[in-house]
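The values are calculated or read from the model by the stated rules, or taken from the named source; none is laboratory data. Quantities reported herein were computed from a predicted structural model and do not represent experimental measurements. Note: ideal-geometry Cβ built from the backbone for every residue, glycine included; neighbour counts use all protein chains shown.
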Amino acid sequence: MLSQIINQKDIKIRHLDVAKDRLKDKRMLVIIITTQDKRVLHRHGINHIHEVGLPSDGKALKIFCMYGFGQKSLYYGFESLARKVTQLAGNLPLGLMIMGSYFRGMSRHEWDIPRKWNYQGYGLALTEKLKAF
């Protein structure tokens with residue numbers, strides 16, 4: 001999108017300040033539309049589509065840790081449980097944030113609660129509900 005705005009192909013911006021400098025005199029309107037149905041976009045003549053995938057397992061764990069522990073890494077002794085909860089959230093960022101916030105400040109003993117959940121059924125339901133957002 002940036003290369004279209006400044007009329008240069010294959011532009012690489014390594015620092016945010018460079019992008020700000022290049023765009024400071026430009027006027028633009030950016031409209032972001034989110035949908036899972038690409039046909040809606042095509043029907044309205046929108047051909048510039050950027051698909052955003054789910055984060056990798058490693059990035060998903062970092063997202064969860066930021067909300068669950070307030071840092072990018074796991075607390076000692078929580079590795080297995082954190083990976084199970086991350087898997088349960090289906091790597092969906094909103095689910096990772098919600099579940100991380102839910103578990104934040106809990107002791108390891110309190111984290112044993114997720115073991116009672118039906119991982120397959122609950123995870124699927126959570127994934128489907130959060131995809132709607």
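Quick one: which of 14, 22 is outside the structural domain of residue 111 (by TED's automatic domain parsing), loosely packed, with under 14 Cβ neighbours inside 10 Å and either closer than 30 Å to residue 109 by Cα or without any contact (Cβ under 8 Å) to a residue 24 or more places away in the chain (or both)?
The unique qualifying residue is 14.
Condition test on residue 3, is it surrounded by 11 or more Cβ atoms within 10 Å (Cβ to Cβ) and in contact with an Asp or Glu (Cβ under 9 Å, 6 or more places away or on another chain)?
So residue 3 fits the description; yes.
For the range 76-124, name all the residues that are at pLDDT below 85, closer than 19 Å to residue 58 by Cα, in a helix (DSSP H, G or I) and of a type in the set (A, V, I, L, M, F, W, C).
Scanning the range 76-124 gives 81, 85, 88.
Kindly indicate the residue of the range 13-23 that is within 28 Å of residue 91 (Cβ to Cβ) and part of a loop (DSSP other than H, G, I, E, B) and also modelled with the highest pLDDT among those meeting that condition.
This residue is 14.
Residues of the range 10-23 being within 23 Å of the chain's Cα centre (by Cα) and not aliphatic (A, V, I, L, M), which ones?
Listed by number, the residues that qualify are 14, 15.
Taking the residues in the range 24-55 that are modelled with pLDDT under 80 and more than 24 Å from the chain's Cα centre (by Cα) as candidates, determine which candidate is nearest to residue 97 (Cα to Cα).
Taking the candidates together, the pick is 29.
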